[in-house]
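Bear in mind that the values in this text are calculations on the coordinates, not laboratory data. Nothing here was measured: the structure is a model prediction, and the numbers come from that model. Neighbour counts are summed over all protein chains in view; Cβ atoms, including those assigned to glycine, are modelled from backbone coordinates with ideal geometry.
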Amino acid sequence: MDVIYTIWLRNVKRYLRSKSRIVGSLGMPLFFLIILGFGLNSVVNISNISGNYVEFLVPGIVAMSVLFTSIFAGIQIIWDKQFGFLKETLVAPISRTEIMLGQTFGGATTAIIQGTIILVLSLFIGISIPGPGHLLIAFGFMTLIGIAFTSFGIAIASRIDDMNGFQLIMSFFVFPIFGLSGAMFPIQSLPLLFRDLTLIDPLTYGVEGIRFGLTGVSQINPVICFIVLSAFSVVMIGIGASLFRKIQI
Amino acid sequence: MNAVTVSDLTKKFGDFVAVDNISFEIAQGEIFGLLGPNGAGKTTTISMLATMLDPTAGSAEVCGYDVRKNEDGVRKSIGIVFQDPSLDEELTAGENMDFHGRLYRIPKKTRLERIVELLDLVGLTERKDDLVKTYSGGMRRRLEIARGLLHRPQVLFLDEPTLGLDPQTRNYLWEYIERLNREMGITVIITTHYMDEADRLCKRIAIVDKGKIVALDSPEQLKRQVGGDVVTVFSPDYPEALASLNISWIERIERYDGFFSIALSDVEEHLSELMKLLIQYEIAIRSVSIHKPTLEDVFLHYTGRSIRNEEAGTKDHMRMAYRARRH
């Protein structure tokens with residue numbers, strides 16, 4: 001536990017010190033929320049799910065913020081490789097699984113903080129949360145997304161050695177995962193093929209879980225969301241840990 | 001018990017043999033040097049001893065622990081300062097130390113005491129709370145050494161510890177390493193391609209070239225094997241006639257690319273005679289240097305090549321440029 005805590009602590013300290021990163025990574029979610037939300041608010045009618053489009057969009061943008069931050073936190077391992085710091089941890093008499101778990105929880109924590117900032121900001125544009133119990137549910141789902149996708153980032157970072165692959169990851173993993181998650185469109189309105197893809201995307205279950213927490217309504221039963229996302233997290237931790245163990249430096 | 005025992009250790013990367021069947025032993029409390037050009041296999045050897053790379057064949061023991069069978073045993077008993085920087089620049093010196101101490105599960109009270117003590121030892125107490133990214137190259141190196149000592153290792157590996165440092169800092173570090181060895185009895189294994197560094201610090205030196213140990217002895221013995229004095233003559237010619245003459249005071253003549261070196265017993269006495277002979281045999285002399293044998297001559301003698309400081313220089317330069325870019 002000490003070791004996991006130590007690595008967690010390092011990640012959180014680094015995060016809290018990089019003010020520009022915190023502010024910088026608020027940019028894109030806020031951009032989506034404001035431009036897309038207010039731009040489409042008057043033309044889109046989804047009265048069967050939510051009051052208006054902005055309200056519909058908020059859970060998706062919170063999930064987006066958690067997703068981006070957590071994958072990014074996992075990919076930090078590449079920097080640690082390049083800056084040599086990873087060697088310092090790998091040569092210590094501790095197990096690699098402990099290192100990986102510390103990194104995962106650290107990444108998830110920063111992702112939750114980032115998601116919370118978006119959540120708080122969206123309160124100013126008129127979102128009302130049903131109650132503290134529901135809020136807790138939203139945080140539960142944010143935690144699961146954070147853990148699952150930090151592990152995912154670690155798994156990728158274990159296999160690539162430099163940042164050249166970063167753009168590739170963004171284009172072929174991060175954006176499709178976000179785009180197909182039902183964060184921006186109601187699932188029912190999609191063509192059949194996209195609907196299936198959306199139901200395969202694990203983030204969909206995170207978005208719907210958060211939606212249930214924040215608005216009290218969701219398109220997928222929150223219990224199913226919880227089961228699917230928990231299973232996905234466990235699998236990702238497993239894959240991440242096993243790839244991380246194989247790193248050679 | 002030996003601090004390190006290596007037998008028939010080999011590491012291959014695909015077809016390339018980085019470390020080729022080497023064996024040696026290092027006694028406790030010794031300062032042992034691995035000397036050779038870049039790419040000779042020094043770092044690969046250290047990586048295997050530190051359990052960071054799996055050997056392809058052979059075995060090695062550190063402090064009685066097998067590097068393959070008991071990784072944690074080895075890891076607990078060694079400290080290592082890597083060739084490339086390995087500090088977290090976004091943390092302070094104190095935090096880097098604390099992180100290390102926690103990873104090695106040193107109890108809080110001991111940990112904090114030792115951090116104060118070690119930072120004082122390397123003269124970084126005043127900068128304890130500054131972020132590492134504000135540190136100079138020499139300060140980072142000192143911090144890395146302090147960190148490597150935090151868990152009181154029995155064996156300390158230093159991989160090119162003075163690479164890219166200015167002469168003053170190098171001197172300071174050498175004194176410091178000697179003190180550690182003397183006062184704390186730590187076995188030190190150092191890799192370097194600086195001849196003077198190996199000569200000054202090491203009790204015994206293994207000269208490594210192309211993955212093999214070509215010579216292993218104390219610096220004095222190694223130099224004695226080359227001869228009493230060395231005269232290096234830069235010349236396009238080679239005095240074959242002179243070499244075939246059986247002159248008692250000439251110990252050996254070795255031919256290299258663009259120069260040849262003559263090892264002889266008493267240069268003060270025989271220099272004029274030697275010059276006369278060279279002129280007599282019509283050897284074109286571009287320049288002559290006379291010196292006591294250095295490890296450079298030893299390396300030349302065993303490998304037929306000079307360690308080529310220019311080449312090493314460019315590589316160092318690139319490495320430093322790379323480091324600088326990353327800051």
- Task: May I ask you to list the aspartates and glutamates whose Cα is less than 17 Å away from that of B:Lys223, ignoring any residue fewer than eight positions away on the same chain?
- Result: B:Asp196, B:Glu197, B:Asp199, B:Glu251, B:Glu254, B:Asp266, B:Glu296, B:Asp297
- Query: How large is ³J(HN,Hα) for each residue in segment A:15-27, as worked out from phi by the Karplus curve 6.51 cos²θ - 1.76 cosθ + 1.60 (θ = phi - 60°), to whole Hz, x for Gly and Pro?
  - Reply: 4, 5, 7, 8, 4, 5, 5, 4, 5, x, 7, 7, x
- Partner aspartates and glutamates whose C-alpha sits under 18 Å from that of B:Lys128, ignoring same-chain residues fewer than 8 away, are B:Asp88, B:Glu89, B:Glu90, B:Glu95, B:Asp98, B:Glu113, B:Glu117, B:Asp120, B:Glu144
- Note on the structure: Taking every residue of B:103-110, the Cβ atoms of other protein chains inside 10 Å of its Cβ average out to 3
- Item | Listed peptides A:113-122, A:220-229 by packing density, highest first (mean Cβ within 10 Å) | A:113-122, A:220-229
- Run the numbers on segment A:92-202 and let me know its relative contact order in percent, using alpha-carbon pairs under 8 Å that are six or more apart. 27 percent
- May I ask you to order B:276-289, A:147-160 by the average number of other C-beta atoms within 10 Å around their residues, highest value first? A:147-160, B:276-289
- Message: Test of understanding: in a Gaussian network model of chain A with alpha carbons linked when under 10 Å, which of A:Ala73, A:Ala92, A:Ala111 would top the mean-square fluctuation ranking?
- Response: A:Ala92
- Query: By average Cβ neighbour count within 10 Å, what is the ranking of A:184-192, B:240-248 from highest down?
  - Reply: A:184-192, B:240-248
- If you plug each phi of segment A:100-109 into the Karplus form 6.51 cos²θ - 1.76 cosθ + 1.60 with θ = phi - 60°, what whole-Hz ³J(HN,Hα) values come out, in order, with x for Gly and Pro? 4, 5, x, 4, 5, 5, x, x, 4, 4
- Task: State the Cα centre-to-centre distance between segment A:15-46 and segment B:107-130 in whole Å.
- Result: 44 Å
- Which of B:Leu201, B:Leu274, B:Leu124 fluctuates most in a GNM of chain B (C-alpha springs under 10 Å)? That residue is B:Leu274
- Query: If you plug each phi of segment A:174-183 into the Karplus form 6.51 cos²θ - 1.76 cosθ + 1.60 with θ = phi - 60°, what whole-Hz ³J(HN,Hα) values come out, in order, with x for Gly and Pro?
  - Reply: 5, 5, x, 4, 6, x, 8, 8, x, 6
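Find the relative contact order for chain B and round it to a whole percent, using C-alpha pairs within less than 8 Å whose residues are 6+ positions apart.
19 percent
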- Return the lysines within reach of B:Lys12: Cα separation strictly under 27 angstrom, same-chain partners fewer than 8 residues apart disregarded; answer none if there are no such residues. A:Lys81, A:Lys87, A:Lys246, B:Lys42, B:Lys69, B:Lys76, B:Lys210, B:Lys212, B:Lys315
- Task: Return a whole-number percent for the relative contact order of chain A, with Cα pairs under 8 Å and 6 or more residues apart as the contact set.
- Result: 27 percent
- Message: Just to confirm my numbers, what's the Cα centroid distance between segment A:202-243 and segment B:165-204 in Å?
- Response: 56 Å
- Item | Average beta-carbon neighbours from other chains, 10 Å sphere, peptide A:75-88 | 4
- Partner chain coverage, peptide A:91-103 - average Cβ within 10 angstrom: 4
